[in-house]
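First up is the structure itself, then whatever we jot down about it.
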Amino acid sequence: MVRIRCDFFSDALGFATSMTVLLPAPTPDRPAELPTLYLLHGLSDDDTAWTRFTTLEQYAADMQLAIVMPQVQRSFYTDEVWGRPYWTFISEELPRTARALFRLSDDPAKTFAAGLSMGGYGAFKLALRHPDRFGAAASLSGVLDIATRAKALRPPEDPRMWPRIFGDPPMVENTPDDLLHLIKNVKNPPLLYSACGTEDHLYPSNVKFRDACAEHNVPLVSEFSPGDHDWRFWDAKIRDVLAWLPLP
């Protein structure tokens with residue numbers, strides 16, 4: 001595969017940012033416009049994390065699939081109350097910029113989102129707020145009950161994170177940033193897949209999300225297996241995600 005670190009100026013954010021892109025090597029049978037996976041990082045990571053800490057590049061080597069990995073800081077893929085409009089960036093500007101730079105398909109059936117932890121939340125938010133744009137979305141150890149999470153103790157390394165993103169007090173429940181609210185109202189959702197380790201601190205919220213999807217008839221493939229909130233689990237599960245994607 002071809003790996004590209006792309007630095008560019010974001011009009012939405014008002015400053016320069018980066019994305020890492022994996023592209024299949026040019027071959028006679030490579031599609032003119034590539035199916036695309038937007039692969040999102042977690043809270044403490046950046047756009048390089050997936051290629052640094054997993055074997056993603058080898059797993060995808062034989063797939064005719066572009067993988068776009070953006071950088072969004074500690075934003076929870078949200079238009080922050082006291083920060084930057086990262087939701088606008090990830091949902092509008094990023095795909096427009098990536099398609100302008102690379103030959104990527106804009107066909108919803110060939111457009112996917114996935115991520116880990118904070119990125120799992122972002123991937124499902126993309127799919128549930130824009131079900132007409134995505135054919136499938138996957139979450140690994142996702143923060144799927146954000147309203148409860150935002151009420152928890154503030155992280156000592158970033159004590160103003162929740163107020164910065166969602167306001168003080170954080171206003172999340174029953175808003176478009178609340179996945180549990182979105183699944184009550186989504187029409188024709190794309191295919192959804194979630195996986196979480198049973199030793200993960202986010203396991204209860206993933207069970208809660210699974211049960212809510214069942215209650216509201218939102219199709220979800222949900223897998224729970226031994227594992228913690230770490231790269232060993234995500235390295236194994238991203239391979240399952242790639243195999244699960246409904247590629248042409």
Matching residues, the stretch 55-92, being more than 16 Å from the chain's Cα centre (by Cα) and part of a loop (DSSP other than H, G, I, E, B): Thr55, Ala60, Ala61, Asp62, Met63, Gln64, Leu65, Glu80, Val81, Trp82, Gly83, Arg84
Residue satisfying condition, being in contact with a His (Cβ under 8 Å, 6 or more places away or on another chain), over 30 Å from Arg30 (Cα atoms) and among the acidic types (Asp, Glu), within set Asp200, Asp178: Asp200
Cβ-Cβ under 7 Å pairs, at least 6 apart or on other chains, the stretch 179-190 side touching a residue at least 12 places away in the same chain (Cβ under 8 Å) and within 17 Å of Phe76 (Cα to Cα), far side buried (at least 21 other Cβ atoms within 10 Å of the Cβ) and among the β-branched types (Val, Ile, Thr): Leu179/Ile146
Residue satisfying condition, being within 30 Å of Glu157 (Cβ to Cβ), crowded, with 19+ Cβ neighbours inside 10 Å, touching a strand residue (DSSP E or B) at 6+ places or on another chain (Cβ under 8 Å) and of a type in the set (Gly, Ala, Ser), within set Ser91, Ser75, Ser117: Ser117
Residue, farthest from the chain's Cα centre (by Cα), within the stretch 37-54, restricted to residues that are surrounded by 13 or more Cβ atoms within 10 Å (Cβ to Cβ) and in a loop (DSSP other than H, G, I, E, B): Thr54
Where a residue in the stretch 220-235 is of a type in the set (Ser, Thr, Tyr) and its partner, wherever it lies, is surrounded by 16 or more Cβ atoms within 10 Å (Cβ to Cβ), with Cβ under 7 Å and at least six apart: Ser222/Ser194; Ser222/Arg210; Ser225/Gly197
Failed item in (1) touching a Pro at 6+ places or on another chain (Cβ under 9 Å); (2) surrounded by fewer than 16 Cβ atoms within 10 Å (Cβ to Cβ), with Asn185 passing the rest: (1)
Qualifying residue in the stretch 29-36 (condition: under 25 Å from Leu144 (Cβ atoms), touching a Phe, Trp or Tyr at 6+ places or on another chain (Cβ under 8 Å) and either hydrophobic (A, V, I, L, M, F, W, C) or surrounded by fewer than 18 Cβ atoms within 10 Å (Cβ to Cβ) (or both)): no
Condition broken by Thr17, with the remaining ones in (1) farther than 28 Å from Pro156 by Cα; (2) assigned to a strand (DSSP E or B); (3) not basic (Lys, Arg) satisfied: (1)
Per-region count, the stretch 140-151, residues under 14 Å from Leu43 (Cα atoms) and either modelled with pLDDT of 95 or more or crowded, with 24+ Cβ neighbours inside 10 Å (or both): 6
Odd one out for Ser18, checked against (1) small (Gly, Ala, Ser); (2) surrounded by fewer than 19 Cβ atoms within 10 Å (Cβ to Cβ); (3) over 17 Å from the mean Cα position of the chain (by Cα): (3)
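The values are calculated or read from the model by the stated rules, or taken from the named source; none is laboratory data. Keep in mind the model is a prediction, meaning the values are calculated, not measured. A quick note on method: Cβ atoms are made from the backbone with ideal geometry, for glycine too, and the neighbour counts reach across all protein chains shown.
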